[in-house]
């Protein structure tokens, strides 16, 4: 059975201390209390790229052109003890957009230098693949989370 599809976008810019990434404090729903990338579920009939454009605008008020999204791969997340959380995420980065990020009811955005990304406050898998993606790499991986719904117990690429 196919996993439900989601997307995530990492906005990147040059800051005073080098490259920075926009992450958000998740205020509602799955991942509440964690630091996450910007994104969400695909609507019926939507491609991951179309969903990424829509989600970035809905969550932080930023306008991204579909052509400015760089696809960096995909990740399958499995939660055997909570299967409704399982999903396939298409990962994008971008260095071009319009408007400044604003907080919404769902996300409080914040810029982080790459050396200060708060991996300890993110999902357990992020430290395993996100540093490479933020430096221009790609990801194709599968992560299975344990009964605590927080710890990766199996990783395959």
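Observations on the structure shown:
- Test: residue in the stretch 87-109 that is touching a residue at least 40 places away in the same chain (Cβ under 8 Å), crowded, with 21+ Cβ neighbours inside 10 Å, in contact with a helix residue (DSSP H, G or I) (Cβ under 8 Å, 6 or more places away or on another chain) and within 23 Å of residue 153 (Cβ to Cβ): yes
Conditions tested, residue by residue: (1) closer than 20 Å to residue 108 by Cβ; (2) free of Cβ contacts under 8 Å to residues at least 60 places away in the same chain.
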position: 10; (1), (2): yes, no
position: 18; (1), (2): no, no
position: 22; (1), (2): yes, no
position: 35; (1), (2): yes, no
position: 40; (1), (2): yes, yes
position: 47; (1), (2): no, yes
position: 53; (1), (2): no, yes
position: 74; (1), (2): no, no
position: 78; (1), (2): no, no
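- Flag for residue 33 being farther than 23 Å from residue 95 by Cβ, part of a loop (DSSP other than H, G, I, E, B), at pLDDT 95 or above and out of contact with any strand residue (DSSP E or B) (no Cβ under 6 Å at 6 or more places or on another chain): yes
- Single match in 14, 49 (criterion: farther than 20 Å from residue 123 by Cβ, modelled with pLDDT of 95 or more and assigned to a strand (DSSP E or B)): 14
- Subset of the stretch 129-140 [surrounded by 17 or more Cβ atoms within 10 Å (Cβ to Cβ) and touching a strand residue (DSSP E or B) at 6+ places or on another chain (Cβ under 7 Å)]: 129, 133, 134, 139
- Filter result for residue 53 (exposed (fewer than 15 other Cβ atoms within 10 Å of the Cβ) and over 30 Å from residue 146 (Cα atoms)): no
- Only listed residue being crowded, with 20+ Cβ neighbours inside 10 Å, within 14 Å of the chain's Cα centre (by Cα) and over 15 Å from residue 69 (Cβ atoms), chosen from 24, 31: 24
- Only a single item in (1) without any contact (Cβ under 8 Å) to a residue 40 or more places away in the chain; (2) farther than 22 Å from residue 18 by Cβ; (3) touching a helix residue (DSSP H, G or I) at 6+ places or on another chain (Cβ under 7 Å) is not met by residue 124, and it is number (3).
The values are calculated or read from the model by the stated rules, or taken from the named source; none is laboratory data. Model, not experiment: these values are computed from the prediction. For neighbour counting, all protein chains shown are included, and Cβ atoms are generated from backbone atoms with ideal geometry for every residue, glycine included.
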